[in-house]
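Heads up: the structure comes next, in structure tokens.
The values are calculated or read from the model by the stated rules, or taken from the named source; none is laboratory data. Fair warning: this is a prediction, and the values are worked out from it, not measured in the lab. When we count neighbours, we look across all protein chains shown, and the Cβ atoms used for this are built from the backbone with ideal geometry, even at glycine. Only protein heavy atoms, including side chains, enter the accessible area calculation; ligands, DNA and RNA are left aside. Shrake-Rupley method; radii C 1.70, N 1.55, O 1.52, S 1.80 Å.
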Amino acid sequence: MPTFKIHHITSYEYDRPVTESINEIRITPYACEEQEILEHELNITGNPSILHYTDYWGNRIGQFNLNPPHSELVIESKLVVRTKAPTDRTLVFNTGFEQLQQEINQSLPLLELTKPEAIQYQEAIQDIVRQIFQPWKSVAATVQDCCQFIFQHFQYIKGITDIETTVDQIIEHRSGVCQDFAHVMLQVLRTLKIPSRYVSGYICPNKNGLRGEGATHAWVETWIPNYGWTGIDPTNNIWVSNTHVKLAVGRNFTDCSPVKGTFKGPAQQMLYVFVSVGYEDGHRFEERNQVKTPVPSNDGEYRPTVDEAGRQQQ
């Protein structure tokens, strides 16, 4: 069972002091059988009190306020986590859509996650469905075919999308990063009425050459009848293994953003994200990126901060 040391720093820098910063963080790993938190240290500018609770999707949320004037906000997470998913686990490839529908009928949360977004280019999604769906195939095989299709037909290119990029825009240019691949896959699977959810976290492949190594990452979890939730990574065309560390799940990126919030003041902000992943063999991967932020509001008085993980794809 591999153990990873993950150091994640979100840093907001302002060109003048701001006040009343209200923030929500999702940087505590998701509670599940596949991973175990051994240590978790959280350091935040001003050492504010943090209100912890669990949201609808089972994510561990922290809320805090930083009211005094400040020119910088740093949120630092130091995590030691052990992943426990077996490397040789066997998925269920013999359950079909009839059994899936029976399980959906007994679960409102599953039903919620079968609803695709209303998008302009839904016909393009339907075209993907026509290419991958065979009624005699199992649900797991269909999910695997969907993953492979996106991996083969969408280019992995950094920097051409951001957190506000829509599924329509991704369909138009057929390229993006992990967040975009996940959102397209969700739209396809939900069009097929397969319950699916977005996952944010880290991928720790230990020099195996997978896309997204060391940085915050995104993938999909889908419901397999007579098995349950299982993760699949369209960015790398693999089923999720014990090299993936899960932070949060939800309908889409908005439900899973590691950091988001608001502040008062007409300041311009710069946002940086640093992620370091240390492996058992001593190898360490580090990456620091500047993240695009919104333009100032018209009145200059109330500025939303950006969802931090948005540049998880960088």
Could you check how much of the accessible area of the chain is carbon and sulfur, as a whole percent, using a 1.4 Å probe? 47 percent
Arranged from highest to lowest average of other beta-carbon atoms within 10 Å per residue, in what order do the peptides 181-191, 21-31, 37-47 appear? 181-191, 21-31, 37-47
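Can you pick out the pairs among Lys5/Lys78; Lys137/Lys193; Lys5/Lys84; Lys115/Lys246; Lys193/Lys260; Lys115/Lys193 whose Cα atoms lie more than 19 Å from each other? Please list the in-between numbers first.
On the way: Lys5/Lys78 7 Å; Lys137/Lys193 15 Å; Lys5/Lys84 15 Å; Lys115/Lys246 23 Å; Lys193/Lys260 30 Å; Lys115/Lys193 7 Å.
Beyond 19 Å between Cα atoms: Lys115/Lys246; Lys193/Lys260.
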Taking the alpha-carbon centre of each part, the distance from segment 168-192 to segment 105-164 in Å is 7 Å
Could you give the accessible area per residue of segment 1-156, probe 1.4 Å, as a whole number in Å²? 55 Å²
Which value at 222 nm does the chain reach when only helices count, each DSSP H run of 4 or more adding -39,500 (n - 2.57), with the total divided by all residues and rounded to the nearest 500 deg cm²/dmol? -6000 deg cm²/dmol
What residue among Ile75, Pro109, Asn23 has its Cα farthest toward the positive end of the dipole of segment 2-127, where the charges are +1 on Lys, Arg and -1 on Asp, Glu, each on the Cβ? Ile75
Here FRET efficiency (C-beta to C-beta, Asn47 to Thr3, R₀ 30 Å, nearest 0.05) is 0.60
Environment charge of Arg251, counting only residues whose C-beta is closer than 13 Å and scoring Lys/Arg +1, Asp/Glu -1: -2
Provide the net charge surrounding Leu111, with neighbours chosen by a C-beta distance below 14 Å and charges set as Lys +1, Arg +1, Asp -1, Glu -1. +3
Chymotrypsin sites (Phe, Trp or Tyr not before Pro) within segment 97-140: which are DSSP loop residues with at most 11 other Cβ atoms inside 10 Å? Trp136
The helix 122-132 Cα axis meets the longest alpha-carbon principal axis of the chain at an angle in degrees, between 0 and 90 and rounded to 10, of 50 degrees
Which of the aspartates and glutamates could a cross-linker span from Lys264 if the Cα-Cα distance has to be under 17 Å and same-chain partners fewer than 8 positions apart are dropped? Glu13, Asp15, Glu20, Glu24, Glu72, Asp299, Glu301, Asp307
Distance between modelled label sites at Lys137 and Asn67, nm, 7 Å Cα→Cβ extension: 5.7 nm
Please say if segment 209-278 is rounded, prolate or oblate, where rounded means a/c under 1.5 for a ≥ b ≥ c the square roots of the C-alpha gyration tensor eigenvalues, and otherwise the choice is prolate for a/b larger than b/c and oblate otherwise? oblate
